[in-house]
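Okay, so here's the structure we're looking at.
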Amino acid sequence: QVQLVESGGGLVQTGGSLRLSCAASGRTFSRSIMGWFRQALGKEREFVASISWSGGSIYYADSVKGRFTISRDNVKNTVYLQMNSLKPEDTAVYYCAANGRAPVRQWTQYDYWGQGTQVTVSS
């Protein structure tokens, strides 16, 4: 069992930055593929980024590549999403997910989810 708690969301202007954190509890975290997804109002949940347990395999959605960075600290049981050069279209609820498996871009491939944190980018 894994429990996930996201934090770090908020309101930011276009071009600004935010850093999301996802604190995990549960003994399987260090071996777990972790992912970030987002869901804008009225839209489907979409993949943002994923990271393997070692950090050796990282994937990004094309829409965030070059602007977002996913990382993890297995000692602190925390995964991060650094978001730079934010755009209004990045506005969404961001969810952390754990215990993923291939294909990692599909939200159905993750077993555990956080409650989400709102990110709003104003124009």
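Considering only protein heavy atoms and a 1.4 Å probe, what is the carbon-and-sulfur percentage of the accessible area of the chain? Its accessible area is 49 percent carbon and sulfur atoms.
Relative contact order for segment 1-56: what percent, with Cα pairs under 8 Å and sequence separation of 6 or more? This gives 29 percent for segment 1-56. For segment 1-55, the solvent-accessible area with a 1.4 angstrom probe is 53 square angstrom per residue. For the chain, the dipole from Cβ point charges (+1 on Lys and Arg, -1 on Asp and Glu) about the Cα centre works out to 240 debye, to the nearest 20.
Listed by chain and number, the lysines placed with their C-alpha closer than 24 angstrom to that of Lys65 are Lys43, Lys87; residues fewer than eight positions away on the same chain are left out. Karplus-based coupling profile of segment 76-86, in residue order and whole Hz: 8, 6, 9, 10, 10, 9, 7, 10, 10, 6, 5, with θ = phi - 60° in 6.51 cos²θ - 1.76 cosθ + 1.60 and x standing for Gly or Pro.
The values are calculated or read from the model by the stated rules, or taken from the named source; none is laboratory data. Model, not experiment: these values are computed from the prediction. Ideal geometry is used to build each Cβ from the backbone, glycine not excepted, and the neighbour counts take in all protein chains shown. Quick note on the areas: whole protein, heavy atoms, side chains included, nothing else; ligands and nucleic acids left out. Shrake-Rupley method; radii C 1.70, N 1.55, O 1.52, S 1.80 Å.
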